[in-house]
Every structure is written in structure tokens, then in C-alpha cells.
Amino acid sequence: KAWAERETRRRKTIAIYRKLFLMQQTINTEGSDQPLELVWGMGLAAWNPPDTSSAILYPLITQSCELSINVKSFAVEIRPSVSRPKLEVACYAQLGLAGVAPLETSWRALKDTGGDVLSPFEESSFSEICTTAVTHLDPEGKYESRTDNLSLPVAGPRLTVTSTWCVFARKRTGDLI
């Protein structure tokens, strides 16, 4: 039983490594038609707003990252790129929420005071903007600080933003800035 438990964890790790390795290969070999970028998302938000047809499950803050394979150790290395973190509010703006503009103002103020150095491993670096987002976007929503439960939040009728994070690939934006 002890061996099976260790082996299960080892195989999960191997599966994650394989996915990241394949992602790195895909990013490096993609043409300019549909280039991909690796993104680290912080403050996972889940919400199924009333009177909408689809749920939201997307990080509130994203940071573009670079993915590389260490040629000596073959370790997968993920590092933030030189670009600044972004507040992802397009889906909330499409809902016509009045709180989007004040949230963006809060985000700019945070960045102006040096709050643009965010780390998914330091909840305190992004919890303030997550709490502010809940206040502006859905006053009946909540922010959950998760230390033991790192599962994805479930979309419900109220906005839930968690301290969990994710790494994913998406189409690279065409915006050169």
C-alpha cells in the first residue's frame, strides 16, 4: 500500500512533466498563425451569474511566463516574463457590470504603489486585489483563502475568488504592447 501511494504521486508528477514538456515543444515549434503563450493565473474566479448562459472559471490576474527545459537536469522551468501582470476583466465587462471601472482604477493604483510584483506562492501579493474584485463585481460574493484545498472553485450564483492558481496555455495576444 505504501509503495502504491508513492507510485501514484510519482506517476502524477510524470504526467504533469510530460504535459509541460509537450507544451514547451508546441510553443517553440508553433508558427506565427496561432502562437501560444504560457500563462500563470492567480486568484481563480468562478461564477455563474444569473441570466447568463455560461459560467466563468478564469483567473482574475494573469502573468505571461516563459517555459524552458534545463539542458543539464531536464527540469521544467517556469519563470515570469518581463511583461507586467494583467487584470482579466473582459468577461465581466461583457456582462455590463458597473464595478469593472472602479476595479480597474484600484488595479492601476495598486500597480502605481509597486504592487505589480505578484507571486502565486505569496497569497498576500494578490489577495487585496481579489478581495477588491469581489467587492466591486458581486458584493454578495466571497474571497476564499485556500491553503489545504487547492481544487478548482465551483461556479455558483455568487462570485467566488480563491487564492488558488493555475498554469495554462492560450493563444498569444496580437497586442505588441
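Key figures
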quantity: Residue within the range 92-99 that is free of Cβ contacts under 8 Å to residues at least 40 places away in the same chain and either under 18 Å from residue 168 (Cα atoms) or touching a strand residue (DSSP E or B) at 6+ places or on another chain (Cβ under 8 Å) (or both) present; calculated: no
quantity: Leading residue by the ranking (farthest from the chain's Cα centre (by Cα)) among those in the range 112-166 that are among the β-branched types (Val, Ile, Thr) and farther than 19 Å from residue 57 by Cα; calculated: 113
quantity: In the range 119-133, the residues that are closer than 18 Å to residue 105 by Cα and not charged (D, E, K, R); calculated: 125, 126, 127, 129, 130, 131, 132, 133
quantity: Cβ pairs under 8 Å, 6+ apart, first in the range 3-29 and farther than 14 Å from residue 167 by Cβ, second of a type outside the set (Ser, Thr, Tyr) and at pLDDT 90 or above; calculated: none
quantity: Residues within the range 142-177 that are open to solvent by less than 50 Å² (accessible area, probe 1.4 Å), in contact with a Ser or Thr (Cβ under 6 Å, 6 or more places away or on another chain) and not polar (S, T, N, Q), tallied; calculated: 3
quantity: Residue count for the range 110-153, restricted to those that are among the polar types (S, T, N, Q), in a loop (DSSP other than H, G, I, E, B) and under 24 Å from residue 91 (Cα atoms); calculated: 3
quantity: Among the residues listed as 86, 72, 19, the single one being among the basic types (Lys, Arg) and loosely packed, with under 10 Cβ neighbours inside 10 Å; calculated: 72
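The values are calculated or read from the model by the stated rules, or taken from the named source; none is laboratory data. Everything numeric here is computed off the predicted structure, so don't read it as measured data. Because the Cβ atoms are built from the backbone with ideal geometry, glycine has one as well, and the counts that use them run over all protein chains shown. Surface accessibility is based on the protein's heavy atoms, side chains included, excluding ligands, DNA and RNA. Shrake-Rupley method; radii C 1.70, N 1.55, O 1.52, S 1.80 Å.
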